[in-house]
1. For segment 214-219, what does the Karplus curve 6.51 cos²θ - 1.76 cosθ + 1.60, with θ = phi - 60°, yield as ³J(HN,Hα) per residue in whole Hz, taken in order and with x for Gly and Pro?
2. Over the chain, with a single point scatterer placed on each C-alpha, what log10 of the ratio I(q)/I(0) does the Debye formula yield at q = 0.08 1/Å?
3. Using amide H atoms built 1.01 Å from N in the peptide plane, name the residues 5+ places from Leu64, or on other chains, whose amide H lies under 5 Å from its own.
4. What residues have an amide H closer than 5 Å to that of Arg205, excluding those fewer than 5 places away on the same chain, when H is modeled at 1.01 Å from N in the peptide plane?
5. In whole Å, largest first, what are the principal axis extents of the Cα atoms in segment 49-97?
6. I need Asp106, Asp230 ordered by Cβ neighbour count within 10 Å, fewest first.
7. Please give every one of the lysines within straight-line cross-link reach of Lys82, meaning a C-alpha to C-alpha distance under 22 Å, and leave out same-chain neighbours fewer than 8 residues apart.
8. What is the local net charge at Arg194, summed over the other residues whose Cβ is closer than 15 Å to its Cβ (Lys, Arg +1; Asp, Glu -1)?
Amino acid sequence: MPQQRVQKIMAQAGIGSRRKCEEIIRQGRVRINGKVIKLGAKADAAKDLISVDGQRIASAFEPLYIVVNKPAGVLSTTKAEKGDERPTIRELVEAPGRLFTIGRLDADSEGLMVLTNDGELADKISHPRYEHTKTYKVTVKGKVARSTVEAWESGVWLDDSRTAACSVKVLQSSKRSTILRIVMIEGRKRQIKRIASALGHPVIRLVRTHIGQLGLGTLRKGAWYQLDEDEISALKKPAHELNAIRQKRRERKRKTSRRVVSRRE
């Protein structure tokens with residue numbers, strides 16, 4: 001195994017994100033073969049003894065990527081808060097070691113989640129700065145008008161800031177309800193549900209169908225399996241709608257700039 005930067009090895013071993021691992025190294029808490037290292041040091045995870053706060057990390061890291069179809073009523077955290085007796089996503093997966101969650105869901109929401117011991121990948125897919133996509137099939141009350149779809153796609157004001165541009169497509173519609181396909185690059189707390197309510201169409205059911213280009217397929221609720229190389233590659237690739245979302249963001253910026261210029265004149 002070739003040498004790698006130690007912060008990358010630590011992140012892959014589940015210590016934390018690469019940024020967190022860099023800070024741990026700066027604090028002088030990491031040793032290679034008994035010697036304290038500085039940021040930038042490299043090591044061979046298969047040969048060198050790497051320790052954090054005196055505790056050895058895995059000498060030969062075996063990455064693990066698991067897809068789970070989360071049922072409603074299951075917490076998407078790996079550990080419940082004190083007094084909360086609801087089951088967690090971690091309890092569904094019979095795999096050893098510390099696992100990070102990719103793509104949290106509300107307890108009453110369903111669908112695709114990924115668990116991994118690769119902290120670096122978890123950070124890249126979860127953090128909005130990387131613009132990785134997550135796709136949802138959402139059933140809302142009432143018939144959704146085209147103007148409402150356009151408003152949702154352009155961004156809605158929540159918590160004193162506007163949500164990022166997204167893709168919203170009507171899959172099925174009637175007077176009573178509408179089924180939407182929503183592709184997003186950010187995920188504020190209960191964002192879809194809050195936007196839907198603000199636009200007059202409360203959510204009836206929310207299912208995440210994809211993270212990147214990785215889909216649920218026919219995986220039954222509560223079931224899980226380890227991803228193969230092709231599926232890991234699909235997980236890392238954003239949905240095809242990403243380019244359209246970026247175009248909507250550029251259009252929004254142009255409109256905002258024109259309004260600012262107009263007010264100045």
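FYI, it's all coordinate maths here, none of it is from the lab. Values in this document were obtained by computation on a predicted structure and should not be read as measured data. In this analysis, Cβ positions are derived from the backbone assuming ideal geometry, glycine residues included, and neighbour counts consider all displayed protein chains.
1. Result, rounded to whole Hz: 7, x, 5, x, 9, 4.
2. Result of the Debye calculation: -0.41.
3. Asn117, Asp118
4. Thr139
5. Largest first, segment 49-97 extends 42, 26, 13 Å along its Cα principal axes.
6. Working: Asp106 16, Asp230 9.
Least crowded to most crowded, the residues run Asp230, Asp106.
7. The qualifying lysines are Lys70, Lys189.
8. +1
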